[in-house]
Amino acid sequence: MRFKKTEVCQTCAKLKNVCQTCLLDLEYGLPIQVRDNALKIKDNLPRNEVNKEYYVQNLEKQVVSTDGGEGLGEVGKVQSPSDLLMKLARTQPYYKRNRPHICSFWVKGECKRGEECPYRHEKPSDPDDPLSDQNIRDRYYGTNDPVADKLLRRASAMPALSSPEDRTITTLYVGNLGEFMTEKDLRDYFYQFGEIRNVSLVQKQQCAFVQFTNRGAAEVAAEKSFNKLILLGRRLTVRWGKSQAKQASLPEASGSLPQVPGLPGPLPLPMGGPGGMNYFNLPATGGLPPPLPFYFPPPPLPPNFQSSSTLTTPPNPQKESGSNIPVYYPSQDPTRMGAVQLNPTE
């Protein structure tokens with residue numbers, strides 16, 4: 001943060017209704033050239049130092065009798081607001097104007113202060129850029145101001161809000177409401193254009209829908225509010241709502257959506273086979289062939305492998321007698337390694 005420098009005296013600032021530091025209009029935050037162009041104000045302030053001093057002395061008596069809230073001279077006579085100023089007006093502070101200047105020693109490579117330097121260590125802008133050539137005199141008198149020329153070009157390139165062809169649409173969409181906007185605030189503003197049928201406030205989405213009773217009132221509200229509406233310090237977005245008839249004509253009952261152009265169609269259904277399911281394109285023979293059995297040949301035996309026929313297996317009493325006795329498992333053999341030898345006396 002740097003200390004702000006007072007560029008003009010208090011009387012000259014009140015004469016133009018501008019800030020003494022940044023020389024921007026106090027009401028809209030715009031350069032003087034933009035404001036004078038929008039309000040059709042002709043600057044009659046003398047340029048000669050002697051004549052300007054005499055002119056200012058005559059206005060000091062008028063400054064004393066006022067509270068300083070209104071502009072003097074030609075600015076104080078203008079009462080009607082301008083649509084252009086409402087479109088370009090600033091609603092948030094512009095903090096970049098408070099940044100310190102660029103360090104000229106750092107540009108030359110001779111700054112030895114390092115991080116303690118109060119000026120910015122940044123590369124200056126392009127010298128061919130018209131915004132790099134600004135002076136206080138042109139800003140105050142509203143002539144040859146490159147910032148004002150940039151804003152005027154932006155205003156001429158702003159899009160216009162066209163009315164929809166469907167005459168049944170009488171709803172306006174209002175966005176960027178914020179958290180503190182209420183339905184009463186919207187009604188208090190839009191009632192001046194005509195009778196309001198309904199105001200639907202969607203607080204979660206920070207938007208609202210204002211429906212008028214007739215189309216003429218909605219057109220006037222859209223024309224007077226598009227890129228101009230500022231409520232509670234916030235610039236609101238105003239657009240036309242969508243047609244309810246088009247939303248109701250969507251195929252909701254069938255659950256199908258319209259096909260997107262350019263995408264491939266659905267895959268063809270399988271042909272042949274039982275029930276029309278033949279995913280392998282086999283000839284239609286009345287039925288699919290039985291699946292092949294999964295048989296894997298046994299691995300080759302080692303040369304010193306002893307055949308299972310030579311091994312002695314304990315007899316199976318169930319097979320011999322055919323009686324219903326428990327199945328005999330090899331782990332029940334007491335002669336096997338690890339078996340517990342029971343004492344016959346127990």
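Read the figures in this text as sums done on the coordinates, not as results from a lab. From a predicted model like this one, the values you see are computed outputs, not experimental measurements. Cβ coordinates were reconstructed from backbone atoms using ideal geometry, including for glycine residues, and neighbour counts include every protein chain displayed.
Over all directions, what mean area does the Cα convex hull of segment 101-238 project, stated in square nanometres?
Working: hull surface 55.8 nm².
The number I arrive at for segment 101-238 is 13.9 nm².
Summing Lys, Arg as +1 and Asp, Glu as -1, what charge do residues with Cβ under 12 Å from the Cβ of LEU172 carry, LEU172 excluded?
That sum, taken over residues with Cβ under 12 Å, equals +3.
Tabulate in residue order the Karplus-calculated ³J(HN,Hα) for segment 155-168, using 6.51 cos²θ - 1.76 cosθ + 1.60 with θ = phi - 60°, rounded to whole Hz; enter x for Gly and Pro.
Karplus-based 3J(HN,Hα) across segment 155-168 equals 5, 6, 8, 5, x, 9, 8, 8, 6, x, 6, 6, 6, 7 Hz.
My understanding is that a pair violates if its Cα-Cα distance is over 23 Å; which of LYS14/LYS40; LYS52/LYS150; LYS14/LYS61; LYS16/LYS52; LYS40/LYS228 do that in this structure?
Pairs exceeding the cut-off: LYS52/LYS150.
Name all residues of segment 145-172 having a backbone nitrogen under 13 Å from the label point set 7 Å from the Cα of GLU223 along its Cα→Cβ direction, giving them as ranges.
Label zone hits: 161-163.
Looking at segment 111-168, which GluC sites (Glu not before Pro) are DSSP coil and have at most 14 other C-beta atoms within 10 Å of their C-beta?
For GluC sites (Glu not before Pro) across segment 111-168 that sit outside H, G, I, E and B with at most 14 neighbouring Cβ atoms in 10 Å, the list reads GLU122, GLU165.
Pull up all non-local amide H partners of LEU24: gap of 5 or more, or a different chain, and H-to-H distance under 5 Å with H placed in the peptide plane.
Residues meeting the criterion, in which the H sits 1.01 Å from N, are CYS19.
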